[in-house]
């Protein structure tokens, strides 16, 4: 029986993965095309892990989002919001241990839409107390910086009905022809004369500025397609907490066109490669080669990959995903 065609989809992270390592993309988005049985279950589990390198940013994002929701709901900001970093980080660690234990014991995997298991803990590499305290200290400092930005005063002057905070259950998306593009922005204000889109950043400005600019333009394209907002009304802000710096940008329509072409080409290329694999007219090494940038492998969650420096053998399958 011919396998039914799957819809074309992409996102900033999907597009980035496809450019950096096509095999990683395959493991994450279509693992059943290359592995089965015990190996498939292991790849599925690994694909649900949160990289340790992304943990600090995720915790800080969660704390800021919770503070925004609290302010919108109650009309006031939470007391000492930075103190929530310890609790949120503790939640991630506890969830990770519960998830790893469930996998090891062949039990039902815990499910939470707002949490992921941390890769280190799944692989049995515990944090020591100093590492935990360092993460908490850095997270608290970054949250305090966010509350010291002029943005908070600007938000206080706005009607909260202008605020847009994505809900966890549904990822914002839009259709670009027959390609579904996912675009989960951090925060947006929809005001009569302008629309502002914000992205909180905890990493390095120097290493991440171009990627952040493309990401923000993706969110602008979402606002145009899904919310019918003209690009001329949209303002883009990268809030770099690590550098105590905010970048402001208007929409570059040329960049939008370039990104749309790249997203569409990537979705079609991935779909065509999957079809050739299924038909037997293409081989894995040609269609989905391993990255030549071997340094990327060190932070990859997929230790089932033969190129990972800490490659592991597949575990037995779990009966419930």
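All of the numbers you see were taken from the coordinates with simple rules; none came from a lab. Being a predicted model, the structure only gives us computed values, none of them experimental. No Cβ is skipped: glycine too gets one built from the backbone with ideal geometry, and neighbour counts run over all protein chains shown.
Listed by Cβ neighbour count within 10 Å, with the fewest neighbours leading, 271, 258 appear as 258, 271.
On full extension, the segment bounded by residue 20 and residue 74 gains 15.1 nm, given 0.36 nm per residue less the C-alpha separation.
The tail of the calculated P(r) for region 16-81, taken as Cα-Cα distances beyond 20 Å, holds 53 percent of the pairs. When the chain is treated as a GNM with alpha-carbon contacts under 10 Å, the residue of 29, 122, 219 showing the greatest mean-square fluctuation is 29. First measure r as the distance between the Cβ atoms of residue 39 and residue 131, then evaluate 1/(1 + (r/R0)^6) with R0 = 45 Å and state the FRET efficiency to the nearest 0.05. Efficiency at R0 = 45 Å is approximately 0.90. Ordering 88, 170 by the number of other Cβ atoms within 10 Å of each residue's own Cβ, fewest first, gives 170, 88.
Extension gain, residue 286 to residue 261, is 6.7 nm, computed as 0.36 nm per intervening residue step minus the present C-alpha separation. Taking every alpha-carbon pair in the chain and binning the separations at 10 Å intervals from zero gives 5, 23, 32, 27, 12, 2, 0 percent.
Taking the inverse of the mean 1/r over every pair of distinct Cα atoms in region 155-313 gives a Kirkwood hydrodynamic radius of 18.4 Å. Gain on full extension, evaluated as 0.36 nm per residue between residue 228 and residue 210 minus their Cα-Cα distance, stands at 3.9 nm. Distance between the C-alpha centres of region 214-251 and region 111-127: 31 Å, rounded to the whole angstrom. A Cα-only calculation for region 208-300 places Rg and Dmax at 17.9, 52 Å. Our summary gives the chain a relative contact order of 25 percent, counting only alpha carbon pairs under 8 angstrom and 6 or more residues apart. This ranking places 283, 249, 62 by how few other beta-carbon atoms lie within 10 Å of each, fewest first, which gives 283, 249, 62.
Computed as a quarter of the hull surface, the mean projected area of the alpha carbon convex hull for region 1-148 stands at 12.1 nm². Averaging the sequence gap over all C-alpha pairs within less than 8 Å and six or more residues apart, then dividing by the number of residues, gives region 214-321 a relative contact order of 14 percent. Overall, the anisotropy analysis places region 89-208 in the oblate class: the square-rooted eigenvalues a ≥ b ≥ c of its C-alpha gyration tensor yield a/c not less than 1.5, with a/b not exceeding b/c.
The value of relative contact order for region 1-84, using C-alpha pairs under 8 Å at least six residues apart, is 14 percent. Computed across region 141-229, the Kirkwood hydrodynamic radius from all distinct Cα-Cα pairs reaches 14.5 Å.
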